[in-house]
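This report concerns only the one structure given below.
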Amino acid sequence: MSIKSFHPPQRVLMGPGPSDVSPRVLEAMSRPTIGHLDPMFVSMMDEMKALLKYAFQTENELTMPVSAPGSAGMETCFVNLVEPGDKVIVCQNGVFGGRMKENVERCGGIAVMVQDEWGRAVDPQKLEDALKANPDTKVVAFVHAETSTGALSDAKTLVEVAHRHGCLVIVDAVTSLVGSPLKVDEWEIDAIYSGTQKCLSCTPGLSPVSFSAKALEKIKNRKTRVQSWFMDLNLVMGYWGGSTKRAYHHTAPINALYGLHEALVMLQEEGLQDSWARHQKNHLALRAGLEAMGLNFVVPEADRLPQLNAITVPQGVDEAAVRNLLLSDYQLEIGAGLGAMAGKVWRIGLMGHASNPRNVLLCLSALDDVLGRMKAPIRRGVAVDAANAKLAG
Ligand SMILES: *Cc1c(COP(=O)(O)O)cnc(C)c1O
């Protein structure tokens, strides 16, 4: 055997995640590994919790990163808050809502699905109707930013509707956190999870979560044990919990947490409002270029997510061939369609560190070239100027 060290190429990641990781984060992750109960590490954990509270805009005591990717944050919310027999309304407008249904059923809950068109926001009126028809519902769950379609839902209104009917609310904020306005306390969200590889500019593998006092009360008063030992928050809190002595639960992913800490320090330096504004500005520049080229967005303007731009593939264009050329000739990754949208759309991410003018211009000029070479029906040579005009404005 003479397998050598793995040296990945330097790509530009403009898909649905992972997105470009800041060099500061990568550097932080290469610092010396220390023990997971080392006092220096424990004080870093406390800083991490404070920084995550800022990112989520919450004072929730139980705010921490789950030691696994976004899907594990999702599962942590469901296994802790859903007991066998509980009715849960899941609002679905894309792929990730379907995963919520899976989670409810695997917890022994009864999932009532409220379906919305893919590429549109969740309709609060449909939720209201479903709650009236199902007065025994315990939990409502929805995805704030559907990464499969690029649609943003009105989390504040959906939570209000659910609370009027006495339900707890689980929100998927994997793609929205830091990229779009999100206010956990002001909007009274009960349980929320995110991921590190989307707008946090960090590597994949961690899932920040936050639980309100009301959610914690439900967890503490469960009639049945949480079916997952690893994700049982009653146990995890012994390690991540407040002021009491930390007890071993699992070995924290030390260096990955250094990376998240650095990403959150960077967020603090930029400021949350400025981060939201940056994502919006770069989205508008990309949009100006794409539309000048003659390409169309899947999602209507009012429901559009700045950090995930779903574009309809023009008639007669081989969508996979375009992505392959972008990758081989420009080291640029964009995303394919997912689920019902496979083969029909491209998903261009402008997330976190990757949401910058250089990436907007690279993506537009690369698409101009590749689509032109493939004789796609686009207007050539206009996209970069249109984007630059927006960036200057
Ligand atoms: C990416 C994503 C997830 C899953 O996160 P992983 O880190 O891939 O497990 C869940 N929900 C949404 C909306 C996502 O975009």
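The values are calculated or read from the model by the stated rules, or taken from the named source; none is laboratory data. It should be emphasised that the depicted structure is a prediction, and the values quoted were computed from it without experimental measurement. Quick reminder, even Gly has a Cβ in these numbers, built from the backbone with ideal geometry, and neighbours come from all protein chains shown. With ligands, DNA and RNA removed, areas are computed over all heavy atoms of the protein, side chains included. Shrake-Rupley method; radii C 1.70, N 1.55, O 1.52, S 1.80 Å.
For the chain, the fraction of 1.4 Å probe accessible surface lying on carbon and sulfur atoms is 54 percent.
Look at where the Cα atoms of region 248-326 and of region 39-82 average out, and the two centres are 23 Å apart. Region 146-219 and region 327-393 have Cα centres spaced 29 Å apart. Available extension along the chain between ALA133 and MET1 is 41.1 nm, counting 0.36 nm per residue and deducting the alpha carbon span. For ARG347, ARG358, ARG287, the ranking by accessible surface with the largest value first comes to ARG358, ARG287, ARG347, using a 1.4 Å probe. Given a cut-off of under 8 Å on Cα pairs at least six residues apart, what relative contact order in percent is computed for region 308-393? Computed over region 308-393, the figure is 29 percent. Quick one: work out the % antiparallel among DSSP beta bridges in the chain, nearest 5. Here the share of antiparallel DSSP bridges comes out near 50 percent. Taken about its Cα centre, region 23-269 carries a charge dipole of roughly 540 debye when the Cβ of each Lys and Arg holds +1 and the Cβ of each Asp and Glu holds -1.
Around the amide H of ILE192, modelled in the peptide plane, lie the amide H atoms of VAL171, SER210, all under 5 Å away and 5 or more residues distant in sequence or on another chain.
Going down the list LYS156/LYS344; LYS138/LYS281; LYS126/LYS281; LYS156/LYS220, which pairs span over 29 Å between their C-alpha atoms?
Working: LYS156/LYS344 31 Å; LYS138/LYS281 39 Å; LYS126/LYS281 32 Å; LYS156/LYS220 26 Å.
The pairs that break the limit, which is 29 Å between Cα atoms, are LYS156/LYS344; LYS138/LYS281; LYS126/LYS281.
Taking the DSSP bridge list for region 47-160 and keeping only pairs wholly inside it, about 15 percent are antiparallel.
Stretching ARG380 away from THR157 to a fully extended chain increases their span by 76.1 nm, per 0.36 nm per residue minus the current alpha-carbon distance. Phi angles of region 199-210 translate, via the Karplus equation with coefficients 6.51, -1.76, 1.60 and θ = phi - 60°, into HN-Hα couplings of 8, 8, 6, 10, 6, x, x, 10, 9, x, 9, 8 Hz per residue; Gly and Pro are given as x. Sparse packing (at most 11 other Cβ atoms within 10 Å of the Cβ) combined with a DSSP loop state is found for the following trypsin sites (Lys or Arg not before Pro) in region 1-50: LYS4. A crude spin-label estimate for the pair GLN115 and GLU47, with each label 7 Å from Cα along the Cβ direction, gives 5.0 nm. Excluding ligands, DNA and RNA, the accessible surface per residue across region 23-269 is 38 Å² with a 1.4 Å probe.
Starting from the residue with the highest accessible area, list PHE56, PHE230, PHE96 in decreasing order, probe 1.4 Å.
On the way: PHE56 0, PHE230 70, PHE96 35 Å².
The ordering from most to least exposed comes out as PHE230, PHE96, PHE56.
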